[in-house]
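Below is one structure, written out as structure tokens, with a few remarks after it.
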Amino acid sequence: MQHLSEATVLSALMEQLTAAPTSSLLLDYDGTLAPFRTERHLAYPYPQVVPLLNSILSCGRSRVVIVTGRPIVEVEALLGPLQSVEIWGSHGLEHRLADGTYRQLAIAPATTELLKQAESWLTAEGYAERTEIKPGGLAVHWRGMADAEIENIREPLYKGLSAFAEQSSLKLLGFEGGLELRVAHPNKGDAVTTLLSDMDLTTPVVYLGDDLTDEDAFEALRPRGLGILVRPEFRETSAQLWLRPPDELLDFLQQWLNSISSHQATSVVTN
Ligand SMILES: [Mg+2]
């Protein structure tokens, strides 16, 4: 696929969507559907994202799934007027189907204990206000700080938190705006692998994401579907396509909607 132009790959996908009876649209949230905000609880989606997703859902031909590092309750609050949708939260540790069925994977007591120790360390170092406790992990946010200030804390934070990730079931992740110490599995790649396992092999499937944590998802999807990096600037990635938000993202969602809608129109004529 590498030798094909992005436009060719995209139009081939749209043709597949028109022809296929069903398809899957897997979406990261922060940085992909919503711009970053220092006030994380105010990071609402770009205008038009929710109406477009609602139209795609109403069409009934695409399974729409949000795969996010945020806890489900948070992303649900931010997506507000979106109709009920399937969400994998906390990097795949939590799963809620569109019908409300919810489950959370268990974490080993030793891992929970290590996370508590890491939290105590962060509090002692003065990062309590920047620390977010979430299922299976904790994140330290530095978005909104001056660059020089970030440079000062990055190294000691990385070192301090790395100690908890060594020889344990935890891993330390860099993300846009901070560091996260969390259970090594599941990650977003595991969530995508599980999603793929109950999809028909011919179902077109696409994953849109911006962050380093989305690379696991791109890798898991690679043999089967299309990874799309959504980011203002390009970076090295396992995704096959690159879209700049919000305009190219909105255009993509509109094209998706048009493609699955034209399938319906065709069905009506041929029946
Ligand atoms: Mg993201």
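Structure above, values below:
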{"read-out": "Cut-off under 5 Å, modelled amide H: who pairs with Leu243 long-range", "value": "Leu229, Val230, Arg231"}
{"read-out": "Pairwise centroid distance, computed over Cα atoms, of segment 158-201 with segment 82-130, Å", "value": "11 Å"}
{"read-out": "Length released on extending from Thr8 to Glu113, taking residue separation times 0.36 nm less the Cα-Cα span", "value": "32.8 nm"}
{"read-out": "Contour minus Cα-Cα distance for His41 and Thr22 (0.36 nm per residue)", "value": "3.5 nm"}
{"read-out": "Counting DSSP beta bridges with both ends in the chain, the antiparallel % (nearest 5)", "value": "50 percent"}
{"read-out": "Inter-site label distance for Ser120 and Met199 at 7 Å from Cα along Cβ, in nm", "value": "4.4 nm"}
{"read-out": "Charge-dipole axis of the chain as Lys and Arg at +1 and Asp and Glu at -1 on Cβ define it, positive-most pick from Leu105, Tyr44, Phe234", "value": "Leu105"}
{"read-out": "Net dipole in debye of segment 109-183 [+1 Lys, Arg Cβ; -1 Asp, Glu Cβ; about Cα centre; nearest 20]", "value": "240 debye"}
{"read-out": "Among Ala191, Gln83, Leu138 the positive-end extreme of the charge dipole of the chain (Cβ point charges)", "value": "Gln83"}
{"read-out": "Inter-label distance for Lys159 and Leu105, nm, one decimal - labels placed 7 Å from Cα along Cα-to-Cβ", "value": "3.2 nm"}
{"read-out": "Normalised contact order of segment 109-183, rounded percent, pairs of Cα under 8 Å and 6 or more residues apart", "value": "33 percent"}
{"read-out": "GNM top mover of Leu195, Leu208, Leu27 - the chain, alpha-carbon springs below 10 Å", "value": "Leu195"}
{"read-out": "For the chain, the longest site-free run once GluC sites (Glu not before Pro) in DSSP loop states with at most 16 other Cβ atoms within 10 Å are removed", "value": "40-124"}
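A short reminder: the numbers here are calculations on the coordinates, not readings from a lab. On a predicted model such as this, the values are computed, not experimentally measured, just so you know. As a convention, Cβ positions derive from the backbone with ideal geometry for all residues, glycine included, and neighbour counts pool all protein chains shown.
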